[in-house]
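**Q** Structure incoming, see below.
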Amino acid sequence: QFSGRVKIHIQILEPTQLITLHYRQISVSQINFFNVDGTLRQSNLEFDYISTYEFLKISLPLIMNQNDELVLEIFYSGTLRQDNLGLYRSSYLNEETNDRVWLATTQFSMTEAVKLKFLKFVTNILFF
């Protein structure tokens, strides 16, 4: 199991009240909305999963205009995979101690990128 928190600084390219992100095999527990100066605008934003496309749709409490900036804080958790895709569990043998060392790692090769189903670039935002 793993859990984490990420803060994403976003600049809006065209008016919107919806942010769409890609996700894969994680559970989101909470999303908070901040001004870029760090002040909280709203906690516990509404969100929905569109599992067919692996989209996380986040509803903002107001329409954001072009060039507006905001920060989303997303709390998430998941399970380490065992198929060498995404964030997965791996190990190696420490030759000095003969101990197995476990770690979490990720791999994203060109062949894996080709397997992804990119229908279109759905977000109208810039990430910093």
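**Q** Could you run through segment 46-66 and say how many residues are surrounded by 11 or more Cβ atoms within 10 Å (Cβ to Cβ) and among the hydroxyl-bearing types (Ser, Thr, Tyr)?
**A** Selection size over segment 46-66: 3.
**Q** Follow-up question, since we're still on this one. Suppose we filter segment 18-45 for residues that are assigned to a loop (DSSP other than H, G, I, E, B), open to solvent by 50 Å² or more (accessible area, probe 1.4 Å) and among the aliphatic types (A, V, I, L, M); how many remain?
**A** Residues in segment 18-45 being assigned to a loop (DSSP other than H, G, I, E, B), open to solvent by 50 Å² or more (accessible area, probe 1.4 Å) and among the aliphatic types (A, V, I, L, M): 1 in total.
**Q** Moving on. Considering every residue within segment 7-17, establish whether at least one is open to solvent by 50 Å² or more (accessible area, probe 1.4 Å), free of Cβ contacts under 8 Å to residues at least 60 places away in the same chain and over 22 Å from LEU103 (Cα atoms).
**A** yes
The values are calculated or read from the model by the stated rules, or taken from the named source; none is laboratory data. Computed from a predicted model, the values in this text were never measured in an experiment. Glycine gets a Cβ as well: all are built from the backbone with ideal geometry, and neighbour counts include every protein chain shown. The accessibility values were calculated without ligands, DNA or RNA, using every heavy atom of the protein model including side chains. Shrake-Rupley method; radii C 1.70, N 1.55, O 1.52, S 1.80 Å.
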